[in-house]
Every structure is written in structure tokens, then in C-alpha cells.
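Here is the structure we will look at.
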Amino acid sequence: MLSMVVSVQSLLAGMGVLLAGSGLLATLLGLRAAEEGFSDGTIGLIMSAFYVGYVLGTITIPAIIRRVGHIRTFAALAAVSSAAAVIHGLWVDPWVWMGLRLINGVTLLGLYMVIESWINEKVTSHRGQVFGIYMMVSLFAYGAGQFLIGLYGPMDVSTFAIVGLLFSLGLVPIALTRVSQPPPMETARLPLLELFRLAPTGVIGAALSGTITGTIYGMAAVYASRVGLPDTQVATFVAAIIVGGGLLQWPIGRLSDGRDRRYVLIVISAIGGAFSVLLALQDWFPGWSLFALALVFGGFSFSLYAISVAQTNDRLSSDQVLEGTRGLLMVNGAGSVVGPMVSGVAMGWFGAAGFPLFVLAALVAMIALIFWRILIDEPVPDDERGDYVFTHRTSAAGLELDPRADEEDEAAHSGPSEHVSGAEPPIYEPDPAWEDYEGPPGAIDDPDEEPADNPRTPSGRSDAR
């Protein structure tokens, strides 16, 4: 496993630097916008624009990569993302920032997608462990970037220049990596309505967890500023939320193994809601106790998406796992668009308390909707529940590092399946790896013929919901 990590260390380092810059920019914009007198509703719109770009990038970037290749796409997106970061500091206007954040969402999603494609190409074994390390590096790098706000402060254009430098420097270890260019990206689709029919709780959890994490990434710094924290403590507050998500997600997720994850989601939402109430009463928690609240609040908030993914995968056949997870990624991104916008309006009405109160409302909605699904759906049988995997929102390319995608490939070699489902199979676009194979994956033209060497068939997991 160590050799695999060493083989992608430059890619991990480059991704870490890029994420540090991304984390710094999000907090910097929140603080600068508050200092400039932008309304909370306007700040929310600016922050939501990033996630609009994220969703657009998820749709458009694979086509660009297929047209011009990974390397040219990477170079173009890197130049645009670095320039956009600096322009934020040179042109302080809410509408300009909104457009720049949308561009930033597209370009950063594209950069992550290219890097994750290269990591996926390089890692040939111990994918589960490398995937976990990649997720931890991502979260902690994003949290570490917050503290660079203290070098010059949000009012100095030099801080925006630091973001541009980080975006540029993050490219150096990646550009010097000796790794072959991955094959052109292909996409697979499991329609969202069909995904909801197969795994309704997972889709609900992905959407509302996106709303919550989008609110945190977009508005947590504004909340901390509104309650009177100085810039360095604002950075500490935001970092505490993110680090909490990294530290607590694994033990919380492991506790969900062997249990009906729907009840786990309800318990996590209830605990997260309790800490949201405490953050709304922040006057009762002076000093460092506020940061302790942020740590636990982040731990429970950031666990919701990963457990929603696990719940979804428990209900899908193995040949649907990757496509289903990609669908959740889109749903989660769409939820993130809503979060900053509505929470910004809530903060305009209720002041700083609007931030945790909006998160509380989203958590209450999640509890109600999941309880509704418990009443009408059967639980996943014990023998069909998979293991929890540490994860958070990434690009579609990064999902292929998920060890559950490997289980799909292993199941493809296991022979015919007993899985019965009323659902239409996922729609696959051509995959270069199947150039010598005629027919859709898992299909046999002549029922009297022997299966091909590597047919992809479902794993035998039932369609019980």
C-alpha cells in the first residue's frame, strides 16, 4: 500500500495545494463581502454561484476532456482558475464576483476531475486505502488553507494573490508527474428518477446533506464574522468544522455498518440539529467552547453524505453502484446551490443565528422525510449491507477510486446473477476497454453461447428496498 501512495504522492500534494487555495478563497470572499457591506442574501447568491458552476462542470468537463485531452484541458482550466482568483481582489463587485465564482466552480471541478483521473490511472492496487488517504488529504488541506487569511487580512489584494499562487503552485507537482495520460473519459447514466425509485433515502440524504455542507462552506465564515470573531478566529472556526468532519466521519460511519442506516441518519441528524441550536445560542459559549461546538457540529454534518452513499449502494446491484454514486454527486451539488442562497436570506432575517437555524431546518426535514421512507419501505436485508467507506463530495473521476467500484468489477467476473429488478439497466456510453466485445455489458447475443471472458453482470444483490 505504501508503494501505491508514494507513486501518487505528487498528485496528492498538488491536489492538497489546490484545495488549500480553494478553502482560503471561500473564507476570504465571505469575510471581504461582509467588510464591504454586502447583504447576507447577496453573499449567499455569490457562494451559490460556485455550486452552479460545479454542477455545470460535472456535465460539460467530460466532453471537453474527450475533445482535447486531459493535458490541454488541465492547462486551460489552471490558467483560468488562477486568473479568476486574482480578479476577485481587483474588481470588488457582487455581480462580478458571482460570475467569477461560477467560473471558479467549473474550473476547479475540472482540475479535480483531471487529477483524480490521473490518480485512478496510477493506482492499481490497495485502492480502498489510497481512496481513504485521498479523502483525508482533501479535507485537511481545505481546512489548513483557512489560516492563510491571517497573513494580510481580507481587505488586502495580496490575500487574493496568495490564492492565485496556490492554484498555480498546485500545478507544479502534477505537471512534473511521470504518469501516462488517462484514456478519454466516458460517462454512464442511471436516470435520477430511477435512482430515487431504487434508493429514495440515499437520494434524499444526498440532496439535503449537499444543502447543509454548501451552507457550511459558503456561509460559516460569514456567521463567525457576524458573531464578532476576529479574522484569525474565523479561520479557526471554519477549520474546526472541516477537521471535525474528517475526524468523526470514520467512527460514525463504522457504527452504521450492520444497522439500518436510515435510523443512523435520523440519529446523526438529531445530534447535528442539537448542536445547531447551540450555535444559535452562541452567546452562551464564549471563548474556545465555540470552536469545540464547531468541531462536533462538523463531524455530524459531514457524515450525512457518506452514509447516504452507503445506504444507496446497499440498495443497488453491483453493476449500478458507480452510476448511482455519480447520480448522488449531481443531487448533492444541486442541494449545495440551494444552501447558501436560502441561508443568506435566513441570516438577513434572523442575523447570525439564521445560519445554524437554517441548518437545523434542513436536518429536521431530513428526519421527517427519512421517517416517511421507513414507514413505507422495507429495510435492506442484513446480508446485503456493504461496508462503510470514508468519502465526501468529489468529481465523477474520483468516484472510480472508491473500492466499491472495484467490487463492481469483481462481480462482473462472478458469473450470471440472480438479481431481479423491474428497473431498466443503466445506459452506458461506449468504453474503449470493450472495443473487442459486441453488445451491451452483461448481454449475450446467443443464449446458447458461453459467456464472454469478462462479462459484466450484476452481483446477485436483491432489489429489496
- Work out from phi, with θ = phi - 60° and the Karplus expression 6.51 cos²θ - 1.76 cosθ + 1.60, the ³J(HN,Hα) of each residue of segment 232-249, listed in order in whole Hz, and give x for Gly and Pro. 5, 6, 4, 4, 5, 4, 5, 4, 4, 4, 6, 4, x, x, x, 7, 8, 4
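As an exercise, identify the chymotrypsin sites (Phe, Trp or Tyr not before Pro) in segment 230-305 lying in DSSP coil whose Cβ has no more than 16 other Cβ atoms within 10 Å. Mind showing how you got there, number by number?
Details: sites: PHE237, TYR263, PHE275, TRP284, TRP288, PHE291, PHE297, PHE300, PHE302, TYR305; in loops: TRP288, PHE302.
Qualifying residues, ordered by number: TRP288.
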- Note on the structure: Descending packing, highest mean Cβ count within 10 Å first, for 99-107, 133-141, 226-234 is 99-107, 133-141, 226-234
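Mind putting a number on the dipole of segment 216-294 about its Cα centre? Charges go on the C-beta only, +1 for Lys and Arg and -1 for Asp and Glu, and I need it in Debye to the nearest 20. Numbers along the way, then the final one.
On the way: 5 positive and 4 negative charges, 53 e Å.
Dipole of segment 216-294, to the nearest 20 debye: 260 debye.
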- Item | Distance between modelled label sites at ALA76 and TYR152, nm, 7 Å Cα→Cβ extension | 3.0
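Report the FRET efficiency, 1/(1 + (r/R0)^6), for LEU176 and ARG67, where r is their Cβ-Cβ distance and R0 is 22 Å, rounded to 0.05. Intermediate results must be reported in sequence, preceding the final value.
On the way: r = 25 Å, r/R0 = 1.15.
Computed FRET efficiency for LEU176 and ARG67 comes out at 0.30.
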- Task: Report the chymotrypsin sites (Phe, Trp or Tyr not before Pro) located in segment 23-106 that are in a DSSP loop and have at most 13 other Cβ atoms inside 10 Å of their Cβ, or state none.
- Result: TRP91
- Message: I need the calculated FRET efficiency for the pair PHE371 and TRP349, taking r as the beta carbon distance and R₀ as 35 Å, to the nearest 0.05.
- Response: 0.80
- With +1 on the Cβ of every Lys and Arg and -1 on the Cβ of every Asp and Glu, the dipole magnitude of segment 1-121 about its Cα centre, in debye rounded to the nearest 20, is 380
- Once phi for every residue in segment 340-350 is put through the Karplus expression 6.51 cos²θ - 1.76 cosθ + 1.60 (θ = phi - 60°), the whole-Hz ³J(HN,Hα) values, with Gly and Pro written as x, are x, 4, 6, 5, x, 5, 4, 5, x, 7, 10
- Task: List, in order, the whole-Hz ³J(HN,Hα) value for each residue of segment 162-173 obtained from phi through the Karplus relation with A = 6.51, B = -1.76, C = 1.60 and θ = phi - 60°; use x for Gly and Pro.
- Result: 4, 4, x, 5, 5, 4, 6, 5, x, 7, 4, x
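Each value in this text was obtained by applying a stated rule to the coordinates, not by laboratory testing. Computed from a predicted model, the values in this text were never measured in an experiment. A quick note on method: Cβ atoms are made from the backbone with ideal geometry, for glycine too, and the neighbour counts reach across all protein chains shown.
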